[in-house]
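The values are calculated or read from the model by the stated rules, or taken from the named source; none is laboratory data. The structure presented is a predicted model; accordingly, all values stated were derived computationally and were not measured. We place every Cβ from the backbone using ideal geometry, glycine too, and count neighbours over all the protein chains shown. With ligands, DNA and RNA removed, areas are computed over all heavy atoms of the protein, side chains included. Shrake-Rupley method; radii C 1.70, N 1.55, O 1.52, S 1.80 Å.
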Amino acid sequence: MESIRLISARSNDQTLRVATWLPRGWLATGVGGLVAFAILVIAALVAGRVAADRAVDGLVDLARAGLPLATATLAGEIEKQRLIPLTLARDPDVIALLGTYDSNAEANLDRKLKDIAEDAGSTVIYVIGADGRTLATSNFNEPDSFAGVKFPFRYYFRDAMTYGVGMQYAQGAVSARPGLFLSRRVEGSNAPLGVVVVKVELDGVERTWRASGALVSVINEEGVVIGTTIPDWRFSTLSALKEPEIGTVREHLQVVDDKPLATVPIRQQGELTIAEIDGKPTVLVGTSRSVGP
């Protein structure tokens, strides 16, 4: 496995690993070929080791070739979204509202944030005061609006207030939908005024990955899948965690429900990697890359 750092998950230098796998059925055609080829490969490892190794090497090369696209898709989305809080932290309307609250100014900023979110494909953009309370939000007119909700416990808020920027992947405290939160501190003349946050769910990125035909997962440094082309794997771990580790991981992800952290259904059988996908065993080969700043 390769290990090259690329993307930071938090301002304290956590890292993510992007892993891609290709089903061995890529060497066959059609759905029927997938099952047949998996059987043939297992037999070939016994009867024709050299030919099987060459086939596997070819698939590993394909998986490696897919890594740059997978990482570029994710990095491109993050960089695009990161510009939003960076820009809004200097916006006169944001600074004015955080300096002196006004209901009319809030309504105007709500609509402005909504327009930006729609143009940029952001899930939600919001402005939080220094006390952690949301003063303006792009989802002001939705059932799960963040208006008035307090987020002082969120790492992306605390990190931004302390260090100037924050980045956290976590389960939504209001919507319960997981997403990546990017934040930037708004400076005042004497003290920080608050924080601008953009939340982006990785649905669009995952759709792009799925369209490539590869299986792609983003795994944080604790071995938790936080983005994936296989929805059932999200918030699963690469290996079983001990009880103290489970508490730590849940705290970092700030999971709001009691759903247990399952283990990704991948196992090694000799030299084969076998995954349970849609309840069916699928033989995979692949490669991974750690990505960071």
What single numbered condition from (1) open to solvent by 50 Å² or more (accessible area, probe 1.4 Å); (2) assigned to a strand (DSSP E or B) fails to hold for L180?
-> (1)
Take the residues in the stretch 146-190 that are over 22 Å from the mean Cα position of the chain (by Cα) and among the polar types (S, T, N, Q), then tell me which one is nearest to I95 (Cα to Cα).
-> S189
Please work out which one of (1) within 23 Å of E221 (Cα to Cα); (2) not in a loop (DSSP other than H, G, I, E, B) is the condition E118 fails and give its number.
-> (1)
Please verify whether the stretch 228-239 includes one or more residues that are hydroxyl-bearing (S, T, Y), within 14 Å of A70 (Cβ to Cβ), in a loop (DSSP other than H, G, I, E, B) and in contact (Cβ under 8 Å) with a residue 60 or more places away in the chain.
-> no
Out of all the residues in the stretch 126-145, which are of a type in the set (S, T, N, Q), in contact with an Asp or Glu (Cβ under 9 Å, 6 or more places away or on another chain) and part of a strand (DSSP E or B)?
-> T137
The condition from (1) modelled with pLDDT of 85 or more; (2) open to solvent by 30 Å² or more (accessible area, probe 1.4 Å); (3) of a type in the set (A, V, I, L, M) that L241 misses is numbered (1)
Among residues of the stretch 146-171, those that are aromatic (F, W, Y), assigned to a loop (DSSP other than H, G, I, E, B) and open to solvent by 50 Å² or more (accessible area, probe 1.4 Å), counted = 1
Residue under evaluation V174, criteria (1) under 27 Å from L261 (Cα atoms); (2) hydrophobic (A, V, I, L, M, F, W, C); (3) open to solvent by 10 Å² or more (accessible area, probe 1.4 Å); (4) not in a loop (DSSP other than H, G, I, E, B), criterion not met | (4)
